[in-house]
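J.: Have a look at this one.
The values are calculated or read from the model by the stated rules, or taken from the named source; none is laboratory data. Quick caveat: nothing in here was measured; it's all calculated off a predicted structure. FYI the Cβ positions are ideal-geometry reconstructions off the backbone, even for glycines, and counts take in every protein chain you see.
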Amino acid sequence: MRWFALIFVILIGPFAGCRKESPPPPVTSTPTQPSQPTLPTKAQPRLKTIRLWLGPEELATELALTPEQEQTGMMFRTNMAENAGMLFVLPQPMQASFWMKNCTVPLSAAYIDVEGNILEIHDLQPEDTNAVVATAHNVLYVLEVNQGWFKRHHIEPGTLVRTEAGSMPESFTRQRR
């Protein structure tokens, strides 16, 4: 079973936008041109937002809920407000992996479990295409904020993340169905 999971992670590779995409990107082709992956070429419009609380700290976070929103993530954006972020709601618990292709804003990413507990926090460097892979295999949410935000606000692994609608499972279970 463990080998199956490893093969699944390698083949499916949960990677998109500032998050590398799980399945391969969509393919486009023309009669005179071979098929090539289609990658985002510009920043996406501001996404639907939700308020999060990490202990006493509040963030206004955009929600990356669709594969296209996840793939684009923070690509091509030039700034992020101090108490803002982007929350990626993954389709299932996995060993998440994020990169910074076409992302110019230095970010920190919290890998969060199904209950909303922060498992790991990693700094991500602008334009770095090396994946930052979680050590945990049960990541369901990833929260990106300005680099150093977690340190400045004394947020560490083990912190519980809640939303304006309640717990993370209460807030997002319906959206994954």
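J.: Go through (1) within 26 Å of ALA136 (Cβ to Cβ); (2) modelled with pLDDT of 90 or more; (3) charged (D, E, K, R); (4) out of contact with any Asp or Glu (no Cβ under 6 Å at 6 or more places or on another chain) for LYS20 and report which single condition fails.
T.: (2)
J.: Also: So which of THR129, THR159 is hydroxyl-bearing (Ser, Thr, Tyr) and out of contact with any Leu (no Cβ under 8 Å at 6 or more places or on another chain)?
T.: Details: THR159 fails: out of contact with any Leu (no Cβ under 8 Å at 6 or more places or on another chain).
Going through THR129, THR159 in turn, the sole match is THR129.
J.: Which residues, taken from the range 39-63, are assigned to a strand (DSSP E or B) and touching a residue at least 60 places away in the same chain (Cβ under 8 Å)?
T.: First, the residues of the range 39-63 that are assigned to a strand (DSSP E or B): 49-54, 57-63.
Matches in the range 39-63: ILE50, ARG51, LEU52, TRP53, LEU54, GLU57, LEU59, THR61.
J.: So, one more: Would you check which residues across the range 73-119 are touching an Asp or Glu at 6+ places or on another chain (Cβ under 9 Å) and polar (S, T, N, Q) and list them?
T.: ASN83, ASN102, THR104, SER108
J.: Return a yes/no flag: does the range 104-124 have any residue that is among the aromatic types (Phe, Trp, Tyr) and modelled with pLDDT of 95 or more.
T.: Yes, that holds for at least one residue.
J.: Another one. Return a yes/no flag: does the range 39-50 have any residue that is under 24 Å from ILE155 (Cα atoms) and touching a helix residue (DSSP H, G or I) at 6+ places or on another chain (Cβ under 9 Å).
T.: Yes; the residues of the range 39-50 include at least one that is under 24 Å from ILE155 (Cα atoms) and touching a helix residue (DSSP H, G or I) at 6+ places or on another chain (Cβ under 9 Å).
J.: OK, next. I'm trying to understand the selection: among the residues of the range 40-61, which are modelled with pLDDT of 95 or more and surrounded by 18 or more Cβ atoms within 10 Å (Cβ to Cβ)?
T.: LEU52, LEU54, LEU59, THR61, listed by residue number.
J.: Which condition number in (1) in contact with an Asp or Glu (Cβ under 6 Å, 6 or more places away or on another chain); (2) closer than 23 Å to ALA43 by Cα; (3) of a type outside the set (Lys, Arg) is the one that ALA60 fails?
T.: (1)
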